1. Calculated FRET efficiency, residue 361 and residue 1, Cβ-Cβ r, R0 51 Å, to nearest 0.05?
2. With contacts defined as alpha carbon pairs under 8 Å and 6 or more residues apart, what's the relative contact order of the range 124-237 in percent?
3. How high is the FRET efficiency between residue 187 and residue 242 when r is their beta carbon distance and R₀ equals 30 Å, given to the nearest 0.05?
4. Taking 7 Å along the Cα-to-C-beta vector as the label spot, tell me the residue 134-residue 343 distance in nanometres, rounded to one decimal.
5. Once you have the Cα-Cα distance between residue 97 and residue 289, take 0.36 nm times their residue separation minus that, and quote the gain in nm to one decimal.
6. Using only Cα atoms, locate the centre of the range 28-62 and the centre of the range 137-181, then give the distance between them in Å, rounded to an integer.
7. Relative contact order for the range 45-303: what is it in percent, counting Cα pairs under 8 Å that are at least 6 residues apart?
8. Suppose each label sits 7 Å from its Cα in the direction of the beta carbon; what would the residue 34-residue 315 distance come out to in nanometres?
Ligand SMILES: [Zn+2]
């Protein structure tokens, strides 16, 4: 038979038909409608980003303009939607080129606004959350609870208790976001069960370094990186690594305020782990098999599996990376995504979506966005107009 696509020259050849992997092995016959040479490349299952925001609201971004050049085929929305706002997230999941899965916010208003979603406990309705998960099992694989002083007000860990109650009833994990106390980090971590996730695990704000973190990790609570605009500090991660605490999953917390820096994308976040000495194999597991196992998603290059595949150039060159507090480190490797396939389909280049009008960008973030826009315009075609004006498009008559 003639395959749709053959990725040839990698560790093994991969043949794709009908959106699935049809054969894997060395020296497959070159009988395919299209052959892509991936020799010298790192070929991985499509990456899974366990903490992103793609649902409509203050934080949400369009995943497709980032996925095509980052290898991320599965985007897990971490709590943008609550029970009141499921429909908006479902529309994104239905229309995006990538796969969208989600964690339901225990607060029914979700992240429609900037924060504060669990200050009113009437929003943290356990029965409603259970119903939303049960009615949308294909979409929701866990419950998200954000616990920090701004989000919960005077309610302490009560939103987390409610999230755990809903999760227990549905047989899914809770992902808890940690941040500024109160409530104290110990109070939060002591409630978590094996298989639950602590995101922003190397946060410079919460600085989780004490015995409660070790105890949580020892009983099977998973540490998720969740970089974001404020959730990751190199010095905290380095001290955790010295203490033997390695993040199980590496995620971006990519949203409207982290997309244009300091996060940018998942390969850049992976480089931050490489920069502190985590080996490449371990970093790849933290964005493929580990997040898949955490939520019971499928992942892997196997015959019959969906052909979600990422192809990277592994450039052995120093790459300076920055955390959320402007601390820098140098990665010995830069991963450059060459191709991203979802169900065997190559994602085409997409221009960056403009930031929402309520999102403040710094000068540096704005210039990063302009730079990316120019680079992608150059890749697509010669630009019609400069990004700085409309003068060429609407020429004024000279006097
Ligand atoms: Zn988040």
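1. With a Förster radius of 51 Å, E is 0.50.
2. 23
3. Efficiency computed from Cβ-Cβ geometry: 0.75.
4. 3.0
5. 67.0 nm
6. Using only Cα atoms, the two centres lie 30 Å from each other.
7. That works out to 17 percent.
8. 2.4
Just so you know, all these numbers are worked out from the coordinates, no wet-lab data involved. This one's a predicted model, so the numbers in the text were calculated from it and none came from an experiment. Cβ: placed from backbone, ideal geometry, glycine included. Neighbour counts: every protein chain shown.
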